[in-house]
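J.: Dumping the structure here so I can ask a few things about it.
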Amino acid sequence: MIVVFWIAVAIPVAVILGNPLLLWLNVRFGKTSRVQSSTVDEGAERQRFAMVTVVKNPSQELLQQKLKNTQAIDGLQQWVLYHDGPAPDFIKQIADALPAVVSLHESGEAMGKNAVLNLALRECQGDIIIFSDMDSLLEPDCVARLQEHFKDPQVGGVCGQREIGEKGQDSSAQSLYINLDSLIKRWESQLGQITSNDGKLYAVRRSLTRHIPDGVTDDLYSGLSVIRSHRKMIFDQYLVARIRIPSRTLSHEIERRRRIVCRSLSGMWHHRALFNPVSFGFFAPRLFINKVLRRFIPHAVLLAVVAVVAINLSSPGKVAALVVAIALYLTVTLVGYYGLLRNRLPGLLKKLINTNAYVAAGLYGTFLGTCDFFLGRKYVMWVPKKN
């Protein structure tokens, strides 16, 4: 059981410390110039940019906000707005006043986001396709920034940076997670291949877009499709998409994380050829650590606890101490989850408890998502909580 314990400990250590350390060393001492192209696409200035947004039953306020934001983007030739299922009447009324750059479509029945994305791509006339969610507010110069990246013919896709633009109980914890993930992306981008993509804002060459299967996360699947084509998929921290708080409540975070984990594992299964280091080099183990091994941190924690109990069965006092420690942790987590004593705690302590509850909710959702994947569950239909 001692071996089992150290294997369980090694998993979170490899994800939290090992992968960032290897990336930093590679960026610091490696030859990152090998991913920089010496040629420039002479036709980059003539590239057409189209944006795709798939939506389902948005509020009128959210739609108007997105429409106003999109109209302010310089150089965007087309925005394909596609509704999953029959569109509400207020959207059809708004459509009558839409500028020529915007085209509104609706599917005959609810099909799920990926199926509708595939329909939307057929309507796009751009050389570069920008994918952006309904709740993502983009900067007016985002097309200009993308154009600079796509001057490099080796760049197949670009991922933007999400920023939470509103305050809330869990905004600080979610912002911390986003910042840590973005740090990994920045280092990976210097190697030319990021292991994760962000659906709030990313762009892909039309020639590299692929049919997106049901039951996968479109952003990760599309990013991995670019890398599988042996092109660069990079990250731009200044290509900003401002969003609302992703998880409206901790129960929403569990539900959201469960769905994302199951769908992302399904997407990587479709792209399992990328785990071959002979064909994809250092990217293969990086993808495995950051996107697969990370999903098994909650399993590793449970395994470590079981191993500790098994090792100390002959010492009832140690087992009792472990049980008490777990009970205290669960109590603190439940206090944060249900918001108990929220107004009676000092600011720092309240922040720590809320952050712990957010992390615990994410780990629980991750655990459920991996179980769903191995049980063959598919998340096809969606009910976005963005209003």
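J.: Kirkwood Rh over Cα pairs of segment 88-142 into Stokes-Einstein at 20 °C, 1.002 mPa s: D in µm²/s?
T.: The calculation lands on 160 µm²/s.
J.: For segment 156-161, take each phi angle, set θ = phi - 60°, evaluate the Karplus expression 6.51 cos²θ - 1.76 cosθ + 1.60, and give the result in whole Hz per residue in order, putting x for glycine and proline.
T.: After applying 6.51 cos²θ - 1.76 cosθ + 1.60, I find x, x, 9, 9, x, 9 Hz.
J.: Follow-up. Computed FRET efficiency, Cβ-Cβ of VAL4 and ASN57, R0 45 Å: what is it to the nearest 0.05?
T.: 0.40
J.: In degrees between 0 and 90, to the nearest 10, how far off the longest principal axis of the chain does helix 218-228 point, with axes built from Cα atoms?
T.: Around 80 degrees separate the two axes.
J.: Separate question: For the pair PHE29 and VAL359, how long in nm is the line joining their label points, each one 7 Å along Cα→Cβ?
T.: 3.0
J.: Another question, then. Can you work out the FRET efficiency for the pair VAL101 and VAL380, with r the C-beta to C-beta distance and R0 = 30 Å, to the nearest 0.05?
T.: 0.45
J.: Continuing with this model, one more query. Roughly how tilted is helix 316-337, in degrees to the nearest 10 and between 0 and 90, from the longest Cα axis of the chain?
T.: Result, in degrees: 30.
J.: Just to verify a number: FRET efficiency for LEU345 and VAL13, C-beta to C-beta distance, R0 = 41 Å, to 0.05?
T.: 0.85
J.: HN-Hα J couplings of segment 19-27 from phi, Karplus 6.51/-1.76/1.60, θ = phi - 60°, integer Hz, Gly and Pro as x?
T.: Using θ = phi - 60°, the values come out as 5, x, 5, 5, 4, 4, 5, 5, 5 Hz.
J.: Still on this structure, please answer the following. Using a cut-off of under 20 Å, list every residue of segment 114-149 whose amide N is near the label point 7 Å from the Cα of PHE90 along the Cα-to-beta-carbon line.
T.: 133-137
J.: Taking the alpha-carbon centroid of each part, what is the distance from segment 79-155 to segment 286-325 in angstrom?
T.: 45
J.: Enter the angle in degrees (range 0 to 90, nearest 10) between the Cα long axis of helix 171-189 and the first principal axis of the Cα atoms of the chain, meaning the one along which they spread out most.
T.: With both axes taken from Cα atoms, the answer is about 70 degrees.
J.: For a quick check, take a GNM of the chain with Cα springs below 10 Å and name the residue from GLU123, GLU253, GLU109 with the largest mean-square fluctuation.
T.: Of GLU123, GLU253, GLU109, the Gaussian network model singles out GLU109 as fluctuating most.
J.: While we're here: Exceeding 20 Å between C-alpha atoms, which entries from my cross-link table qualify? They are LYS68/LYS200; LYS66/LYS378; LYS151/LYS232; LYS151/LYS200; LYS66/LYS291; LYS66/LYS113.
T.: LYS66/LYS378; LYS151/LYS200; LYS66/LYS291
J.: Grab the alpha carbons of segment 35-250, take their convex hull, and tell me the volume per residue in Å³.
T.: About 121 Å³ per residue, rounded to a whole number.
J.: Regarding the chain, what whole-number volume in Å³ per residue does the convex hull of its Cα atoms give?
T.: 155
J.: Still on this model: Relative to the Cα centre, what is the charge dipole magnitude of the chain, using +1 at the beta carbon of each Lys and Arg, -1 at the beta carbon of each Asp and Glu, and rounding to the nearest 20 debye?
T.: The calculated dipole for the chain is roughly 1120 debye.
J.: What net charge do the residues around TRP79 carry, taking every other residue with its C-beta under 11 Å from that of TRP79, with Lys and Arg at +1 and Asp and Glu at -1?
T.: So the surrounding residues net to 0.
J.: Stretch ILE311-THR331 to full length: gain in nm at 0.36 nm per residue minus the Cα-Cα span?
T.: 4.7 nm
J.: For segment 198-247, just the Cα set please: Rg and Dmax, both in angstrom.
T.: Rg then Dmax for segment 198-247, in Å: 12.1, 34.
Each reported figure results from applying straightforward, stated rules to the coordinates on display, with no laboratory input. Please read these numbers as outputs of a predicted model, since none were measured by experiment. Because the Cβ atoms are built from the backbone with ideal geometry, glycine has one as well, and the counts that use them run over all protein chains shown.
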